[in-house]
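Structure, as structure tokens:
Throughout, read-outs are computed from the coordinates displayed, never taken from laboratory work. What you are looking at is a predicted structure, and each value in this text was computed from that prediction instead of being measured. Here the Cβ positions follow ideal geometry from the backbone for every residue, glycine too, while neighbour counts run over all protein chains shown.
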């Protein structure tokens, strides 16, 4: 009971309009060490680029990562400081949160990769390396998801194909057809919120099909120096259970075209 009350109070402070907590990036330290990255044992949904079943051992030095996905309120503060630029097409697309009413505590979205990276740099950080992100998301687990082998709207904000809410006949976003406020579901065992679902998250790395086995396992966590597409992890409010797996490697062009990235947000990582 005491744990639940403490969590409620911390979220209440975080969500208070104008609260300094809404603009502060709480960080969680992830201890250095190795973990099994990529395809979980007995996961039949793995793609080839997730590596062999059972995972690949990758060592990750100690780092820090944001406890929450970056909120609209936090990003707006950076825009007002002159260090960040406004999200693209925020007024045209109904899924973009920046100018939407009452979405200050939703994850900021509709951003290109460079905009996300610029925000992190303004916080003296950077976007997470892929191996860092997966280690943090797994939170010590080796299953498809940190809580087990299946996922539902009880665990994360996703399109589960069945849960309906305020939008008629719409299972996206657990029935809301949009993102939810950050920390709408429980944290993982490392104390991180929304690592799975709500908004997918931009990562630092360029995509390489064999990066897990050929680069990360050999100590190169930064990966390729150049490429065509950037990695996005975690799945989002409009993606299904397969895309929310800890090992799923989604990719996007770093610059959006006519279709803005309404389901992609981010969080930042920091050197220890």
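For this structure, a couple of remarks:
- In segment 191-207, the condition of being farther than 24 Å from residue 49 by Cβ, touching a residue at least 12 places away in the same chain (Cβ under 8 Å) and surrounded by fewer than 16 Cβ atoms within 10 Å (Cβ to Cβ) is met by at least one residue.
- Checking residue 167 against (1) more than 18 Å from residue 133 (Cβ to Cβ); (2) out of contact with any helix residue (DSSP H, G or I) (no Cβ under 7 Å at 6 or more places or on another chain); (3) without any contact (Cβ under 8 Å) to a residue 60 or more places away in the chain, the condition it does not meet: (2)
- Residues within segment 102-119 that are over 14 Å from the mean Cα position of the chain (by Cα), in contact (Cβ under 8 Å) with a residue 24 or more places away in the chain and more than 18 Å from residue 256 (Cβ to Cβ), tallied: 3
- Any chance residue 99 is in contact (Cβ under 8 Å) with a residue 60 or more places away in the chain and either crowded, with 23+ Cβ neighbours inside 10 Å or over 17 Å from the mean Cα position of the chain (by Cα) (or both): no
- Among the residues of segment 223-238, those that are touching a strand residue (DSSP E or B) at 6+ places or on another chain (Cβ under 7 Å) and in contact (Cβ under 8 Å) with a residue 40 or more places away in the chain comprise 223, 230, 231, 233, 234, 235, 236.
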